[in-house]
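Colleague: Have a look at this one.
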Amino acid sequence: MQQRTYSYPFGSWIGKAILWFVITFLFVGLLFDVFGALYDLVNETATSYDLVRLAAALVLGLIFWSYATNLYPNIIETEEGLLVEFYWSHLILRWEDILQVKEAGKVGFKTWVVVARRLSPLHRLYGLLYLRRLRPAFVIFSNLEDHQMLIHEIERHTGL
C-alpha cells in the first residue's frame, strides 16, 4: 500500500493563521501579567497572588499555543497506521491503538474525534474539549480533503 496524505486546504491555513494571531494577542496580554509578576518578584514585593498569576499565565499560554499549533493536523495513512502531524513533525498512531471515531458536532461544519490509546499528553486536551473525557484524541474537520475516505479507512482498518 502506498502512503496517502490528507491535507487541509489553504483556506484552513488562513484560519489557522488568524487563530494564531488571536492567540498571540491573548498570549501578549498574559505576558504583561507575567512581566508584572516578574517585576514584583525582582523588587521583592511579590505576593502569593503574583505567583499564582505568573503560573496561570504560563500554563494558559502553553495551552493556547499548543491548541493553535495543532488544530488542523495533516494526516498520512500508511500500512501500519496514521502519521498525525504534531509540532511540525509526525506522531505514529498504529491501527490497533485507535479506540473510537466519534462525530463531535455540527457547529459550522462536521467534526470527528479520533480517540486513541496513546498520542502525546497534549492530545488529551482535544479529548477533553470535544468529548469531555481526558483521553488522547485528535480532530478531523469536514474541510480536510477526502475526510470521508479517511474516516472510512480508519473504520475499515480498525473494525469500528
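Colleague: Please count how many residues of the range 113-145 are small (Gly, Ala, Ser) and more than 18 Å from Glu77 (Cβ to Cβ).
Modeller: Count: 2.
Colleague: Tell me the residue from Tyr130, Tyr67 that is at pLDDT below 85, buried (at least 17 other Cβ atoms within 10 Å of the Cβ), farther than 20 Å from Thr5 by Cα and among the hydroxyl-bearing types (Ser, Thr, Tyr), please. Write out each step before concluding.
Modeller: Working: Tyr67 fails: buried (at least 17 other Cβ atoms within 10 Å of the Cβ).
Result: Tyr130 is the single residue among Tyr130, Tyr67 that is at pLDDT below 85, buried (at least 17 other Cβ atoms within 10 Å of the Cβ), farther than 20 Å from Thr5 by Cα and among the hydroxyl-bearing types (Ser, Thr, Tyr).
Colleague: Also, quick follow-up: Counting just the residues of the range 84-98 that are touching a residue at least 60 places away in the same chain (Cβ under 8 Å) and in contact with a strand residue (DSSP E or B) (Cβ under 7 Å, 6 or more places away or on another chain), which one comes out surrounded by the most Cβ atoms within 10 Å (Cβ to Cβ)? Outline the logic, then answer.
Modeller: Initial filter on the range 84-98 (touching a residue at least 60 places away in the same chain (Cβ under 8 Å)): 95-96, 98.
Within this subset, residues satisfying the condition of being in contact with a strand residue (DSSP E or B) (Cβ under 7 Å, 6 or more places away or on another chain) are 95, 98.
Working: Trp95: 17, Ile98: 20.
The extreme case among them is Ile98.
Colleague: Right, Glu85: of a type in the set (Asp, Glu) and under 16 Å from Phe138 (Cα atoms) or not? Please lay out each step first, then the result.
Modeller: Values: of a type in the set (Asp, Glu): yes; under 16 Å from Phe138 (Cα atoms): yes.
Criteria met by Glu85.
The values are calculated or read from the model by the stated rules, or taken from the named source; none is laboratory data. The structure presented is a predicted model; accordingly, all values stated were derived computationally and were not measured. Note that we place each Cβ from the backbone using ideal geometry, even for glycine, and neighbour counts take in every protein chain shown.
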